[in-house]
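The values are calculated or read from the model by the stated rules, or taken from the named source; none is laboratory data. Because the structure is a prediction, the values reported are computed rather than measured. A quick note on method: Cβ atoms are made from the backbone with ideal geometry, for glycine too, and the neighbour counts reach across all protein chains shown.
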Amino acid sequence: MKRAQHSRGVVLVTVLIFLIVITLFSVSMFRSSTTNLRATGNMQARQEAVHAATVAVEQTLSSDLFAQQPAAVASSPVEVDLNGDGTPDYTARISLQCLRTAPVGGNNCASTQFPAPDGSMIEVSGCVETDWNIRAEITDPATGTEVGVNQGIAQQSVSAPAACPPRQ
């Protein structure tokens, strides 16, 4: 009889140890899944912000204001509605940097030729090609995600911006 009572005590201790191990394992798995869920949520928030910044750059490039007065574009933020509900989800800050300009010829450009000192002719075009770097920066107020997207573009226009260096 003594042996049976002793066996029950050993079984009880063994079961309690297994119960503690299983509980610790469950808590560890719960924490691991919570961490993975946070990481996935952060990646999703970042990808959404990158998409919003890309949409803001595309909206800027397709606007009439950029075609006519590129420098004026940077003064106003671009609101982006990703889900189509009519409410802006993100507001992008646009910055423009004129990298270089170069004269170009073409059918719609007025050009004139001048004699050079060596006797050859120099053509001066009425059009210029301007290379721009457009940057959209977005901060998501809900998650604190900060993203910046750069896009380069070459644009032809009648005149070059005043503070843009010539292409070399």
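So the values come out like this:
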item: Residue, modelled with the lowest pLDDT, within region 51-94, restricted to residues that are more than 15 Å from V149 (Cβ to Cβ) and of a type in the set (D, E); result: D64
item: Subset of region 155-168 that is surrounded by fewer than 13 Cβ atoms within 10 Å (Cβ to Cβ) and small (G, A, S) - its residue that is modelled with the highest pLDDT; result: A163
item: Subset of region 52-61 [crowded, with 17+ Cβ neighbours inside 10 Å, of a type outside the set (S, T, N, Q) and farther than 24 Å from A162 by Cβ]; result: A52, A53, V55, A56
item: Tally of residues being surrounded by fewer than 16 Cβ atoms within 10 Å (Cβ to Cβ) and in contact (Cβ under 8 Å) with a residue 12 or more places away in the chain across region 62-73; result: 2
item: Residue within region 108-126 that is at pLDDT 70 or above and on the phi > 0 side of the Ramachandran plot present; result: yes
item: V128 touching a residue at least 40 places away in the same chain (Cβ under 8 Å) and in a strand (DSSP E or B); result: no
item: Tally of residues being within 19 Å of the chain's Cα centre (by Cα) and either surrounded by fewer than 13 Cβ atoms within 10 Å (Cβ to Cβ) or over 19 Å from Q155 (Cα atoms) (or both) across region 85-100; result: 6
item: Some residue of region 146-153 being modelled with pLDDT of 80 or more and in contact with a Cys (Cβ under 7 Å, 6 or more places away or on another chain); result: no
